[in-house]
Amino acid sequence: MGMTDHQYRRAPNATFGFIDGKVRAAKNKTLMWLNSKSTQDQERIIYFSISKARSKRAIRKKREEQMRATYLQRQAEKVTQKDTQYRGRIEKIIKKAIADQNLTVDSLKAVLKDVMSTEVAETKIKRICKIIANPEEIVDTYLDHYFNEDNMDVRYHGKPVEILLPTKRKPLSVEIAYWIVDQSEADAEDYTMTLSQVLTDYLLDDLTFLEV
């Protein structure tokens, strides 16, 4: 895929079939071999190739579609990996904030400013500090939470039902009842998330606490 990526960057508007042909020709030295033939042999080979091209067009088109799908999937995986790394850096800050006995709005704001790609509203930072100081305040409230499923954002309704205190093996966590938007709260299923995960998603706008 390295040569394909290089050719695609040089000519982003070219079809994958054209790019694939260039890569294959470079690898198997087709043009050098053809130039070594006599003019008569060249004409015969070219005529034969043209006559076969029509029957192979559908196969090449399918291959081109598969290559494009593979390329786009690869690019999507790169984006996902980058997003995961970015999210990981932010969650690391939130974990430290949860453990910080002297946490203030200004101290958290200063640290996030160096990492976040966009400015965070001070009201959101204040809410995070307030929840860290008293996690119980979110129990029995409601939230909307987006999860990535098969490269699609799916919205769930949620209700934190219990704060799970930290142990030697498990960090401070939240048990949340989730149900999909076309269901009712009676259909909810309980899931456990760390408080740092919840607050990271809130910070990145994947989670919204609903005012009721």
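The values are calculated or read from the model by the stated rules, or taken from the named source; none is laboratory data. What you see is a predicted model; the values in this text were computed from it and never measured. Reconstructed Cβ throughout: ideal geometry from the backbone, glycine too, with neighbour counts over all protein chains shown.
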Subject >> Positions within region 107-155 being in contact with an Asp or Glu (Cβ under 9 Å, 6 or more places away or on another chain), without any contact (Cβ under 8 Å) to a residue 60 or more places away in the chain and part of a loop (DSSP other than H, G, I, E, B), in sequence order >> reply: V139
Original post:
If G88 satisfies every condition in (1) in a helix (DSSP H, G or I); (2) surrounded by 13 or more Cβ atoms within 10 Å (Cβ to Cβ); (3) of a type outside the set (D, E); (4) at pLDDT 75 or above but one, which is the exception?
Top reply: (2)
**OP:** Kindly indicate whether any position in region 178-189 is within 26 Å of D83 (Cβ to Cβ) and not in a strand (DSSP E or B).
**Re:** yes
Original post:
In region 100-108, is there at least one residue being closer than 16 Å to D201 by Cα, exposed (fewer than 12 other Cβ atoms within 10 Å of the Cβ) and at pLDDT 70 or above?
Top reply: no
Subject >> Total residues in region 156-176, condition crowded, with 16+ Cβ neighbours inside 10 Å and in a loop (DSSP other than H, G, I, E, B) >> reply: 1
Subject >> Any pair with Cβ under 7 angstrom, 6 or more apart, that starts in region 156-179 at a residue that is on the phi > 0 side of the Ramachandran plot and ends at one that is loosely packed, with under 15 Cβ neighbours inside 10 Å and β-branched (V, I, T) >> reply: none
